[in-house]
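Below is one structure, written out as structure tokens; comments come after it.
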Amino acid sequence: MVQYLATPGAGEVGAILSALSSLPVNAPLQLMVKSPSLRKNLTKNLVNQEDIDWMDHPNRVLMKVLVAQLRKRCALTSIVDTNKSADKTSAKHALALAKEGMVKDTYDIFETKIDAPFEISGMKLHIGIQCTFYKNIRDLQIKSKQRRLTNMNMARTLYAIGEANGATPTSEQSLHSAYKIGEFWDKILHYENRGKCGLCSLPESMDHILLECDASSASRVIWKAAKDLWLKHENSWPDICFSSILRCNLITVCDSYGKEKVGATRLLKILIFESAHLIWKLRCERTIKFGGDREKYHSENEIYNKWIHAINMRLKFDRLLTDSMRYGKKASKIDTVLKTWSGLLKNEDDLPDNWIRQTGVLVGMTPRPPPGRLR
Ligand SMILES: [Zn+2]
């Protein structure tokens, strides 16, 4: 179905989308934006617009696509006012192209489908006043017949953050960690620069906290531990960038014939999610619980031990979730859990092949002693 998107302002959004599609996601980008409302909607008004699902925005469809495309980027993207930019030559050039665009005979076609992890649909419950809710619900029903909203699940469907979790939640997520994941992804998607990094004083973005900060022992120790554990299972550790964290639910690991390796895929998702989540939690402890007092910051051994603890908790949950007596159809498949953790366990040779019901099963990485203890 062709949707006609030629509303005022659509040209500038379309131009940015074309530029984004021709650039690698890891190249830093400075966008000179002429329209003040577009600049605001991409920065300080973004959270508000998403809360109401861009309801009254004339370029609602394109704006959602644009924001999703911008979120896919893992390098710095900055937005400047064209009029205030020192680069007058580029501004002139852009204006000339825009004028050419206005008299074109053919129209441009843009992909309006958004990859699942970047799609935020629905509006926040407390934001919606009744009439906007009905308008939004009607809109949703017209647009996607397959998404049959019933009164029963409407609240959940419309709750934006729940929907921002990434790919469709699996039964396993909804069983034990939907809240944790939801809360974390909400932070990731809405994290703005709140000021300077408490470790190195550079501007603090989620990307910086999780991956970029050179002064962060948490990021260094945790990603190394994840890599070390992974290498007991597989041959090479993938490059982790911000977009692989955002999209970790969609990752698939395949063998040389292109067939999905179920256990490896699952393990990678667990490692990326648990690692990113722990780095974020430690950052919150540093700034909130310890109030920025460096004396109290976690030592490398503490960080390493917390990571091992987090992974062992996942392993424990995984074992418990195979209990079909308790979880019925939602129980995890024993075979998948065995495949996920095979080769990674402590004293694995001494365990029976089906170790699911054994107590005390742990990953084969030893916690480190605290400093000062005699060995
Ligand atoms: Zn930093």
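Out of segment 321-374, which residues are surrounded by fewer than 11 Cβ atoms within 10 Å (Cβ to Cβ), part of a helix (DSSP H, G or I) and in contact with a helix residue (DSSP H, G or I) (Cβ under 7 Å, 6 or more places away or on another chain)? Those that are surrounded by fewer than 11 Cβ atoms within 10 Å (Cβ to Cβ), part of a helix (DSSP H, G or I) and in contact with a helix residue (DSSP H, G or I) (Cβ under 7 Å, 6 or more places away or on another chain): none in segment 321-374.
Residues that are farther than 20 Å from ALA86 by Cβ, touching a helix residue (DSSP H, G or I) at 6+ places or on another chain (Cβ under 6 Å) and at pLDDT 80 or above within segment 18-35 comprise just one, LEU20. Taking the criterion of being in contact (Cβ under 8 Å) with a residue 24 or more places away in the chain, in contact with a helix residue (DSSP H, G or I) (Cβ under 6 Å, 6 or more places away or on another chain), of a type outside the set (Lys, Arg) and under 17 Å from LEU17 (Cβ atoms), the residues of segment 45-76 that qualify are ASN59, LEU62, LEU66, ALA68, GLN69.
For segment 217-257, a residue qualifies if it is touching a Lys or Arg at 6+ places or on another chain (Cβ under 8 Å) and small (Gly, Ala, Ser), and the qualifying residues are ALA218, SER243. Pull up segment 228-276, narrow it to residues that are of a type in the set (A, V, I, L, M, F, W, C) and in a loop (DSSP other than H, G, I, E, B), then point me to the one that is farthest from LEU344 (Cα to Cα). Looking at the filtered set, the residue picked out is CYS241. Taking segment 198-215 as the range and being under 20 Å from the mean Cα position of the chain (by Cα) and either surrounded by 15 or more Cβ atoms within 10 Å (Cβ to Cβ) or under 13 Å from THR287 (Cβ atoms) (or both) as the test, the residues that pass are GLU204, SER205, MET206, ASP207, HIS208, ILE209, LEU210, LEU211, GLU212, CYS213. What about VAL65, is it of a type in the set (A, V, I, L, M, F, W, C) and within 27 Å of HIS93 (Cβ to Cβ)? Yes. Kindly indicate whether LYS261 is at pLDDT 90 or above and surrounded by fewer than 19 Cβ atoms within 10 Å (Cβ to Cβ). So LYS261 passes the test. Against the list (1) free of Cβ contacts under 8 Å to residues at least 40 places away in the same chain; (2) under 30 Å from CYS197 (Cα atoms), the condition PHE242 fails is (1).
For segment 20-43, how many residues are in a helix (DSSP H, G or I), of a type in the set (Gly, Ala, Ser) and over 23 Å from the mean Cα position of the chain (by Cα)?
Within segment 20-43, the first condition is being in a helix (DSSP H, G or I), and the residues that meet it are 20-21, 36-42.
Pick out the ones that are also of a type in the set (Gly, Ala, Ser) and you get 21, 37.
Those still in the list that are over 23 Å from the mean Cα position of the chain (by Cα) too: 37.
Qualifying residue count for the region: 1.
Let's see how each residue does on (1) modelled with pLDDT under 70; (2) among the hydrophobic types (A, V, I, L, M, F, W, C); (3) within 12 Å of the ligand (Cβ to nearest atom):
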{"residue": "TRP185", "(1), (2), (3)": "no, yes, no"}
{"residue": "LYS196", "(1), (2), (3)": "no, no, yes"}
{"residue": "PRO203", "(1), (2), (3)": "no, no, yes"}
{"residue": "ASP214", "(1), (2), (3)": "no, no, yes"}
{"residue": "ALA218", "(1), (2), (3)": "no, yes, yes"}
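The values are calculated or read from the model by the stated rules, or taken from the named source; none is laboratory data. Owing to the predicted nature of the structure, the values given are computational and were not obtained by experimental measurement. With ideal geometry, Cβ positions are generated from the backbone for all residues, glycine too; neighbour counts draw on all protein chains shown.
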